[in-house]
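What follows is a short report on a single structure.
The values are calculated or read from the model by the stated rules, or taken from the named source; none is laboratory data. Only a predicted model underlies this, so the values are computations on that prediction, with no experimental measurement involved. FYI the Cβ positions are ideal-geometry reconstructions off the backbone, even for glycines, and counts take in every protein chain you see. Note: accessible area is taken over every heavy atom of the protein model, side chains too, but ligands, DNA and RNA are not part of it. Shrake-Rupley method; radii C 1.70, N 1.55, O 1.52, S 1.80 Å.
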Amino acid sequence: MPFDVHVVRVFTDDQGRWGNPLGIVDAASVAPADRQSVAHELQYSETVFVDVPAGAAQSTALRIHTPAVELPFAGHPTVGTAAWLADRGTPVDALLVPAGEVAVRFADGVTYVRARPSWAPQFEFHPVASPADVLAVDPSDFTDGHHYVWAWADERGGAIRSRMFAPDMGVPEDEATGAAAVRVTELLGRDLSIVQGRGSVLSTTLSDDGWVELGGRVVADESRTL
């Protein structure tokens, strides 16, 4: 049976530009055994299968797939799904993913989620001297693993420029990576403002208890039918 794939771009700038496309599918439309093949066919860096609430709900569950693997947690899918649910009139306070409960909040057009860094994949971090060096990296240099290349754009202000490459996930380069933002926040031990990829914008806040809040803007794109 055909089903709809709702598409949003996550971590846009304040003009609605850039952002990482996310496919959102009603979990009732696709059997669990078929979800990985659907994610592979769609070729978004992540596709989510969410239990869409019929009405008001405090929480709901979702599963996250890259074109190659299922993930216990990821940032751009949780931020994007939370914003999509709110836009359709069924906002939730938490998303339930295999890693744990992801708290959600909204403020001034930004969607925020709260996660443990340990929920995110391990990344190999590559600090370089300048944003220009980040932009000069060739994705073909990375044939396996998960790699995050970054440089300070304004160290005093906590601003970095970054790119992420994840061949093991079936993602040669990711436009905007919330899980990596959570991990690099823990690594650097401070709140960050991140510009990743072509110009996507992510923000993080590190709590004293080790949780990281991740925020970004989300805009809707045209839906698809499979």
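A compact table of results
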quantity: Where a residue in the stretch 192-208 is over 9 Å from R161 (Cα atoms) and its partner, wherever it lies, is aromatic (F, W, Y) and open to solvent by less than 40 Å² (accessible area, probe 1.4 Å), with Cβ under 7 Å and at least six apart; calculated: S200/F11; V201/F11; L202/F11
quantity: Count of the stretch 10-58 residues which are over 19 Å from V102 (Cβ atoms), out of contact with any strand residue (DSSP E or B) (no Cβ under 7 Å at 6 or more places or on another chain) and either aliphatic (A, V, I, L, M) or open to solvent by less than 50 Å² (accessible area, probe 1.4 Å) (or both); calculated: 5
quantity: Unique match (being in contact (Cβ under 8 Å) with a residue 60 or more places away in the chain and of a type in the set (G, A, S)) among A99, A57, A68, A31; calculated: A68
quantity: Search result, residues across the stretch 59-94 that are over 15 Å from A179 (Cα atoms), open to solvent by less than 10 Å² (accessible area, probe 1.4 Å) and part of a strand (DSSP E or B); calculated: L62, A94
quantity: Selection from the stretch 95-130 of residues that are surrounded by 20 or more Cβ atoms within 10 Å (Cβ to Cβ) and of a type in the set (S, T, N, Q); calculated: T111
quantity: In the stretch 210-226, residue nearest to D4 (Cα to Cα) [restricted to those that are assigned to a loop (DSSP other than H, G, I, E, B) and of a type in the set (D, E)]; calculated: E222
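Condition check ((1) without any contact (Cβ under 8 Å) to a residue 40 or more places away in the chain; (2) in contact with a helix residue (DSSP H, G or I) (Cβ under 9 Å, 6 or more places away or on another chain)) across all residues:
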{"residue": "W84", "(1), (2)": "no, no"}
{"residue": "R88", "(1), (2)": "yes, no"}
{"residue": "V104", "(1), (2)": "yes, yes"}
{"residue": "Y112", "(1), (2)": "no, yes"}
{"residue": "E124", "(1), (2)": "yes, no"}
{"residue": "A129", "(1), (2)": "yes, no"}
